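Read the structure below first, then the notes.
Computed from the coordinates by the stated procedures, all read-outs in this text should not be read as laboratory data. Everything numeric here is computed off the predicted structure, so don't read it as measured data. Backbone-built Cβ (ideal geometry, glycine too); neighbour counts: all protein chains shown.
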Amino acid sequence: MLVGAVLLRLIAGVGFANYDTLYALAWGGQLARGELPAYELPIAPTPHPLVEALGVVLYPLGPRAVERITVWLVFVALAACGWVVYRLASLWFGRAAGALAALILLTRVPILSYGVRAYVDVPYLLLVLSAVLVEARRRAADERPAGATVLALLALAGLLRPEAWAFSALYWLYLIIGERRGHAARTPAWQYAAARSRRALAGLTLLTGAGPLVWILSDLAITGDALWSLTNTRHTAQTLDRVTGIGNVPEYIPRRIGEILRPPVLVGAALGGVLSLLWLRRRAIGGAVAGVIAVLVFVAVAVAGLPINTRYGFLTAAILCVFCGAGVFGWTRLDAGDPRRRLWMAGGALVLVALVAFTPSQYKSAHRELDKLARQQSIQGDLLALVDDHSISLRCGPVEVPNHAPVPLLALYLKTSPANVVSGQVASVTDGIYVDPASKQVEADYVLDPHDPHRPVNVPPGFTETHANGSWLIFQHCS
């Protein structure tokens, strides 16, 4: 995994923490200092308790180490996602299918982009895929369900994204009322569950509820509102004019998944899904069920009023990568003399040709995206250089920035509450530091969202320029 992470980092040439992750780390820093995290700020993201816990643990190492370690952990998670997808596809459809599925996943531009920026969605994807792999290996060996191991992985995932709560609940129901496969016959799972001790059943139930329980108690302790994360995420989605709601599901969920995978992979996944369910049903059924559940949970996110973001489709996309591997190489699991092999081989060859033909376009898209991110990292590096030389500090008062994007970064590196870094889009300071982009290009490249609430932002009256570099101008006023 470490070797894979290093290779991905070298190939990408860029790596930094995004807005959401920086906020979680800054909130973790507040907890480490004995402060309540400042959740109730304009355009603050959804809290992620597991990342906040990481911020607490890493806090003594200093802000730069906190960010770097977090970025590396996500690169490791990204590499591990490729490995888990390889293992899943290998288990069901052979090693060649596994290798292709992993390669497809790790070369999808949105997944690589979000991994480079240390989004929580990448370790979340790893935890859920790992849960699927653990259970799939048990089923392949005709063993009893993994139970606690799967629920423990989903509980950790549920501290990163609440969708994992649905997976935990469905798996718990599967353990209680599903059917356990036996060697010669099937035994109803209620008999299987009754054979468990009450203590074991209570443990499984506790693991199932651990994610939502910790999240709800965290929100309640910090804000006094047990449903803060849900209501705040809805409000932010409305403020930023995000696409939400059941009415947008038919158009936008397929579009989001298509943005991740692109047409050749979708065609390959469709071919692999149809042929494997027809001719390799016992191998394919687990992946098909996982994919259907992933789509249904994605739909539930939209119904709950949360945004239909591309990154919420990563799990569905990963499962479809597995089936694309099956579309090209699933025929290897048929008997050598099976006449259906030739038909499958011909279809797989066409998909493989399409994948190869689409590679230059995929490369150009990745190159453009990584160049854009490198520019953002450079701008962010210039901002931190001004923190390092104390040009940006809290000695005269709070810091005002031109938009919301720099707020959590400066809060983390100044070891302060995000409330002490004010976005000029919603408020102004009368004393302190004002940070201004040095050019229109910097202003355009370093913005959180074009739908941010905004107003004209100018240098506050009485502030004088004190420092500058290639990306930023610093103005100061001390009363």
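General observations
- Each of the GluC sites (Glu not before Pro) that DSSP puts in a loop and that has at most 16 other Cβ atoms within 10 Å breaks the chain; the longest unbroken stretch is 144-479.
- Along the axis of the charge dipole computed for region 2-372 (Cβ charges of +1 for Lys and Arg, -1 for Asp and Glu, origin at the Cα centre), the listed residues Ala146, Val303, Gly272 are led at the positive end by Gly272.
- Most simply put, region 389-477 has about 65% antiparallel DSSP beta bridges, counting only bridges with both residues inside it.
- CD proxy at 222 nm, helix term only [per DSSP H run n ≥ 4: -39500 (n - 2.57); per residue of the chain; nearest 500]: -21500 deg cm²/dmol
- One decimal place: the segment Leu201-Asp445 gains 82.6 nm when fully extended, by the rule 0.36 nm per residue minus the C-alpha distance.
- In a DSSP loop and with at most 10 other Cβ atoms within 10 Å, the trypsin sites (Lys or Arg not before Pro) in region 331-430 are Arg395.
- For region 1-109, the list of trypsin sites (Lys or Arg not before Pro) that fall in a loop by DSSP and count at most 12 other C-beta atoms within 10 angstrom reads Arg33.
- For the chain, Cys81, Cys321, Cys324 stand unpaired, since no other cysteine beta carbon lies under 4.7 Å from theirs.
- Volume per residue that the Cα convex hull of the chain spans, once the total is divided by residue count, Å³: 153
- Taking only the alpha carbons of region 279-346, we obtain Rg and Dmax values of 15.8, 52 Å in that order.
- Taking every DSSP beta bridge that has both ends in the chain, the antiparallel portion is near 70%.
- Each of Val351, Val401 was scored by other Cβ atoms within 10 Å of its Cβ. Arranged with the fewest first, they read Val351, Val401.
- At an R0 of 25 angstrom, the distance between the Cβ atoms of Leu213 and Ile176 translates into a FRET efficiency of 0.85.
- Electrostatic dipole magnitude of the chain [Cβ: Lys, Arg +1; Asp, Glu -1; Cα centre; debye, to 20]: 2560
- Region 389-477 shape via C-alpha gyration tensor axes, a/c threshold 1.5: rounded
- Stretching Arg342 away from Gln238 to a fully extended chain increases their span by 32.2 nm, per 0.36 nm per residue minus the current alpha-carbon distance.
- Lys, Arg +1 and Asp, Glu -1 on Cβ, resulting dipole of region 389-477 about Cα centre, debye, nearest 20: 180
- Shape category assigned to region 94-165 from the gyration tensor of Cα positions, a/c cut at 1.5: oblate
- Three-way shape call for region 1-86 based on the alpha-carbon gyration tensor, with the a/c threshold at 1.5: prolate
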